[in-house]
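S.K.: Let me give you the structure first, and then I'll get to my questions.
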Amino acid sequence: MNNSQHNVTENISSEGELIAQLADIVAAKLADNHYDLLTRLVTTLNIDYLTCAAALLHMLEQQSGVSWVNEPNTAQDNSALHADKNASVHIKMVRYRLDIGMYHQVTVDEIKRVLIEESGVDKNNISNIVIRHLYTLIELPDAMPMDIFHHLKTVEINQQKLDIRRVKVRNKKRGFMPRRKKTI
């Protein structure tokens, strides 16, 4: 770690300062070029983004000697920490259509494998896969970066491009609607 990096971590001595510095980095879009590296790390280690971020923070703490989290002192604190980590987090899901289906001899496991490898999405965040004859419907997290979305358009399974598209939600009921008679 060079001196300027070490000085940055020395200046972040509290969780609040860490949050402020991260907010500045995100607002200035200084981390945009790290998306590809993070995606490769997540895919290679077969972990989700949150676990990867936690491990990177831990590495930074080890190198800088600064700790931003309080270590649990009792078994009760420790069990509360694990309960929070394992608690179900509600992630907004979006329905997508893939241009690959039973006709292309694709399986659910194969679709999941390719999505995990190519986009870095956590396997637990892939749901409601419905394979039809010529296409597949699938739900993925809403926060998919555009560069990954565009990459998935070109990814192929069995020589067939996924050509992923977002499915528009329709709230209207379909059915017979009688016309009103005009009154004169």
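S.K.: For a quick check: with amide H placed at 1.01 Å from N, whose amide H comes under 5 Å from VAL94's, ignoring anything fewer than 5 positions away on the same chain?
M.R.: LEU140, ASP142
S.K.: Follow-up question, since we're still on this one. At a Förster distance of 22 Å, what's the computed FRET efficiency of ASP99 paired with HIS150, Cβ-Cβ distance as r, to 0.05?
M.R.: About 0.90, to the nearest 0.05.
S.K.: Label ASP32 and ALA143 with points 7 Å out from Cα along Cα→Cβ: what is the distance between them in nm?
M.R.: Once both label points are built, they end up 1.9 nm from each other.
S.K.: Oh, and also: Would you mind counting up the charge near ILE116? Only other residues with Cβ under 12 Å from its Cβ, with Lys and Arg at +1 and Asp and Glu at -1.
M.R.: Every neighbour counted, the sum reads -3.
S.K.: Past the 21 Å Cα-Cα mark, which pairs from LYS92/LYS168; LYS92/LYS161; LYS29/LYS123; LYS29/LYS168?
M.R.: Long pairs (Cα-Cα over 21 Å): LYS92/LYS161; LYS29/LYS123; LYS29/LYS168.
S.K.: Here is a further query. Would you mind checking the radius of gyration and Dmax of the range 93-166 based on alpha-carbon positions, in Å?
M.R.: Rg then Dmax for the range 93-166, in Å: 10.9, 30.
S.K.: Here's another thing I want to ask about it. Count charges around ILE126 for me, please; just the other residues with Cβ under 15 Å from its Cβ, Lys/Arg as +1, Asp/Glu as -1.
M.R.: Result for the local shell: -2.
S.K.: Determine the gain in length on full extension of the stretch SER67-LEU50; use 0.36 nm per residue of separation and subtract their C-alpha separation, reporting nm with one decimal.
M.R.: 4.3 nm
All of the numbers you see were taken from the coordinates with simple rules; none came from a lab. These figures come from a predicted structure and were not determined experimentally. When we count neighbours, we look across all protein chains shown, and the Cβ atoms used for this are built from the backbone with ideal geometry, even at glycine.
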